[in-house]
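The values are calculated or read from the model by the stated rules, or taken from the named source; none is laboratory data. Here the structure is a predicted model, which means the values were calculated and not measured. Positions of Cβ are backbone-derived with ideal geometry, glycine not excepted, and every protein chain shown enters the neighbour counts.
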Amino acid sequence: MRRPSHYLLDEDHEPYPVEDVLAWARGMESCRRVELTELPNGYMVSTVFLGIDHNFGFGQGDAPLLFETMAFEGSDSSKEVGIQERYCTWAEAVAGHEVIVAQLAQWNPLPGILLH
């Protein structure tokens, strides 16, 4: 039996597997954003529900990785700053988002310098 790869969220933000890819695509139109924070120092932290399991067997255990937090310089999401974390649950994603926001809130690099 193969592991599900596509998921949606129920009303309580709990993921459930979806076999019908068209139903999954329609469902993804309304359930992607978890958190978005724009910081005064010019960074933006975005956490989203991916809807596709990103656990590719690299030491992450058996749980599907369905949420992702990334950080960007500026509000246009075009300059990644080398921060990316993935999570299994909505609660983990919210907590991880807050940690990254707190870290970047204290960071004031020279203009144009990206974190890597």
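The table below gives the values:
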quantity	calculated
Selection from segment 26-55 of residues that are part of a strand (DSSP E or B), under 13 Å from the mean Cα position of the chain (by Cα) and closer than 20 Å to E98 by Cβ	R33, V34, E35, L36, T37, M44, V45, S46, T47, V48, F49
Residue check for L22: touching a Lys or Arg at 6+ places or on another chain (Cβ under 8 Å) and of a type outside the set (S, T, N, Q)	no
Considering residues of segment 1-10 that are modelled with pLDDT under 90 and exposed (fewer than 11 other Cβ atoms within 10 Å of the Cβ) only, the residue farthest from the chain's Cα centre (by Cα)	M1
Scan of segment 34-55 for residues that are at pLDDT 90 or above, under 17 Å from T89 (Cα atoms), out of contact with any Cys (no Cβ under 7 Å at 6 or more places or on another chain) and of a type outside the set (A, V, I, L, M), ordered by number	E35, S46, T47, G51, D53
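Conditions (1) modelled with pLDDT of 95 or more; (2) within 12 Å of the chain's Cα centre (by Cα); (3) exposed (fewer than 14 other Cβ atoms within 10 Å of the Cβ); (4) not in a strand (DSSP E or B), marked per residue:
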{"site": "H13", "(1), (2), (3), (4)": "no, no, no, yes"}
{"site": "Y16", "(1), (2), (3), (4)": "no, no, yes, no"}
{"site": "W24", "(1), (2), (3), (4)": "no, no, no, yes"}
{"site": "G57", "(1), (2), (3), (4)": "no, no, yes, yes"}
{"site": "L65", "(1), (2), (3), (4)": "no, yes, no, yes"}
{"site": "S78", "(1), (2), (3), (4)": "no, no, yes, yes"}
